[in-house]
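The values are calculated or read from the model by the stated rules, or taken from the named source; none is laboratory data. As the structure is a prediction and not an experimental result, all values here were calculated from the model. Here the Cβ is made from the backbone with ideal geometry for all residues, glycine too, and neighbour counts use every protein chain on show. The protein model used for the area step is the full one, side chains on, heavy atoms only, and it has no ligands, DNA or RNA in it. Shrake-Rupley method; radii C 1.70, N 1.55, O 1.52, S 1.80 Å.
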Amino acid sequence: MMNYANIGLLFIIILCGQSVGINLDLPGEFLPYYFNAFPDVAKECSEDPQCPYKMHLEKNVCWGYQDNCDSKKMHKYSHPICDGHHKGWVKTKEEQIETFFQQADFGYIRKFRNSMQTICEPDSFEDSSLECSEYLTFCKARNIMVDFRRLINRTQPVMYDMDVLTTGEIGGKCKLDKSILNSQIENLSALQNWGPELRHFTELEARPFDAKICDHIVKTPTFIMKIDATVNMYHHFCDFFNLYASLFVNQTENNPEMFTKNVQILIWRTYKYSSSFEATFRAFTSRPIFDLNDFKGKRVCFENAVFPLLPRMIFGLFYNTPLIWGCHNSGLFHSFSKFILHRLRINFKPKLDLKKIKVTYISRLTRHRRVLNEDEILDELRKNDSLVINKVEFTWKTNFVEQLSLIQDTDILIGMHGAGLTHMMFLPDWAAIFEVYNCGDEHCYADLARLRGLKYITWKNLDLLQEETDTTSDVEYGPGHEKHRNYFFDTQEFIRLVHDAVDHLKHYSRREFNHDEL
């Protein structure tokens, strides 16, 4: 029998007298939460004898950010675990859990939703509108015009420039509250807020569409993104994670297509987008990726535009996260992992037993942070018949979907401090991550492991490693910085730490290994 829970189907429903196609291309565990968020869709499914999703209806569940999500009465997607000491952040265990939920889980979504204000108010639905969260970190607009004609005269490529637009080059037919707009323009930054662009929002005398000033009309809902470094997995996944989080910030009761792939992505730069991780965009859109070159020299009108959360926001999530001590297991990160793996068609592989533990070791091909005796260490690990050792070298030539397929089938991931450890987000829930050495950056990947809810291990005994220092090119960190060194590690200590990871796996039962949901 076909499993409808784990595939995407086009379910035709009738809303407001109109036939609507909704593509529920979601992980099976998402479906009860989806139907609970959209009761009209759930009602239509309930009354339709052909609806294949009836098993997911009438579940008392919620994502966690909705106002009606009472944890005492409803099952939240998130269940943060705070079994460590909070180190003085708060006074009680309850406050510790709530702080983590607000910082790093679906409570983070609620913060943006609750701070939304109307900056430009329409008189009718056909008018324009602009709404933003505090400090213009997330915005959505309807029926607006953006004037890109000046771009045709720029001689330098646009990337993190904050002068792409000026007064009169973005606006709409609505009542602009300049006092609200001006109060939200603080700390203008290319990757922290939308202030550099939206500070120039102008109240137009006529609707852009009616005034026929549009050289090009974009009717497809458009996510306009300012992105971080595309060559670095850690930084680029700040973009993807915040785009995912923005789907929830943008959610309304009358928008059941919140997860649709029928959206346009416009990257706010003139460099053509190219990245080893480009396949990840397939989780969000079925359309080609646009950049500013596609609209250069034109006045463009957008029926619906979303300005999503940005990768380097102050007190943002993933990057710059002020994370309370003693907590782990963010449902928001867990759901992001499941969403990406599902949309890229990477199948969950249940673990049947512990007779064969799959270890993936990421070998660095870079100049710095190499394990100089890695072959000796791996040969020693291979003497353990219960360990299946796979040494990999992920480069820009390595198919990214294939990388994620390998990671999803990994029990223990090992690697030196570096962006490759970002793969941990797509490990199975029971897995362990061994950051061989954090090179003085002790929180970066330890916190990412906490957010994902994984066992984290790193090197502690500095007497059992030897360094080789490169003093010739330390522009970023200074001569001799730990990130610009290579290392020898004591073989027996390395093996002991791997066995710590194995011991962690032994705490999981067969039921937990085969359970693909929270």
remark   = Diffing region 82-94: the Karplus 3J(HN,Hα) column from phi (6.51, -1.76, 1.60, θ = phi - 60°), in whole Hz with x for Gly and Pro, holds 10, 9, x, 6, 7, 6, x, 5, 9, 9, 10, 5, 4
The chain, helix-only ellipticity at 222 nm - DSSP H runs n ≥ 4, -39,500 (n - 2.57), divided by all residues, nearest 500 = -7000 deg cm²/dmol
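With a 1.4 Å probe and all protein chains in place, put Met162, Met55, Met313 in order of accessible area, largest first.
Met55, Met162, Met313
Where does each of 95-102, 372-379 land if you order them by average Cβ count within 10 Å, highest first?
Per-residue mean Cβ counts within 10 Å order the peptides as 95-102, 372-379.
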task = Round to the nearest 10 and give me the degree value, 0 to 90, for the angle of helix 233-249's Cα axis relative to the longest principal axis of the chain.
result = 50
request  = Could you quote the convex hull projected area for region 73-195, Cα atoms only and averaged over all directions, in nm²?
outcome  = 12.4
inquiry  = Kirkwood Rh over alpha-carbon pairs of region 256-413, then Stokes-Einstein at 37 °C and 0.692 mPa s: what D in µm² s⁻¹, rounded to an integer?
reply    = 166
request  = Give me the angle, in degrees from 0 to 90, between the Cα long axis of helix 331-343 and the longest principal axis of the Cα atoms of the chain, rounded to the nearest 10.
outcome  = 80
request  = Sum up the charges of everything whose Cβ sits under 11 Å from the Cβ of Gln264, counting Lys and Arg as +1 and Asp and Glu as -1, but leave Gln264 out.
outcome  = +1
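Using only the Cα atoms of region 357-426, what semi-axes does the equivalent ellipsoid have when each is the square root of 5 times a gyration tensor eigenvalue? Give whole Å, largest first.
Working from the Cα gyration tensor, I get semi-axes of 19, 17, 10 Å.
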note = D (µm²/s, integer) via Stokes-Einstein for region 214-285, Kirkwood Rh across alpha-carbon pairs, 37 °C, 0.692 mPa s: value 244
key: In sequence order, calculated HN-Hα J values of region 40-49 (Karplus, 6.51, -1.76, 1.60; Hz; x Gly/Pro)   = 5, 5, 4, 5, 5, 5, 4, 8, 9, x
remark   = Links exceeding 27 Å between C-alpha atoms in this model, out of Lys140/Lys298; Lys91/Lys111; Lys226/Lys391; Lys272/Lys483; Lys73/Lys455, come to Lys226/Lys391; Lys272/Lys483; Lys73/Lys455
task = At q = 0.15 Å⁻¹, work out log10 I(q)/I(0) for region 335-390 with the Debye formula, treating every Cα as an identical point scatterer and leaving solvent out; two decimals please.
result = -0.70
remark   = The answer for Arg485, listing residues at least 5 apart or on another chain whose modeled amide H is closer than 5 Å to its amide H, is Arg369
inquiry  = Are there any trypsin sites (Lys or Arg not before Pro) in region 83-172 that are in a DSSP loop and have at most 14 other Cβ atoms within 10 Å? List them by number.
reply    = Lys87, Lys91, Arg154
task = Stick to the Cα atoms of region 350-467, pair each with every other, and give me the Kirkwood hydrodynamic radius in Å at one decimal.
result = 14.9
Carbon plus sulfur fraction of accessible area for the chain, probe 1.4 Å, in percent = 48
key: Alpha carbon Rg of region 88-131, scaled by the compact-globule rule 2.2 N^0.38 Å   = 1.85
request  = Calculate how many DSSP beta bridges within the chain are antiparallel, expressed in % of all such bridges and rounded to the nearest 5.
outcome  = 45
note = Taking region 140-283, the whole-percent share of alpha-carbon pairs separated by over 17 angstrom is 68
request  = Using amide H atoms built 1.01 Å from N in the peptide plane, name the residues 5+ places from Leu204, or on other chains, whose amide H lies under 5 Å from its own.
outcome  = Gly172, Lys173, Cys174
remark   = The Kirkwood hydrodynamic radius of region 241-327, taken as the inverse of the mean 1/r over all distinct Cα pairs, in Å, comes to 15.3
Per residue accessible area of the chain, 1.4 Å probe, in Å² = 45
task = Taking H placed 1.01 Å from N in the peptide plane, check which residues at least 5 places from Ile213 or on another chain put their amide H under 5 Å from its amide H.
result = none
key: Principal axis dimensions, largest first and in whole angstrom, of the chain by Cα   = 74, 63, 48
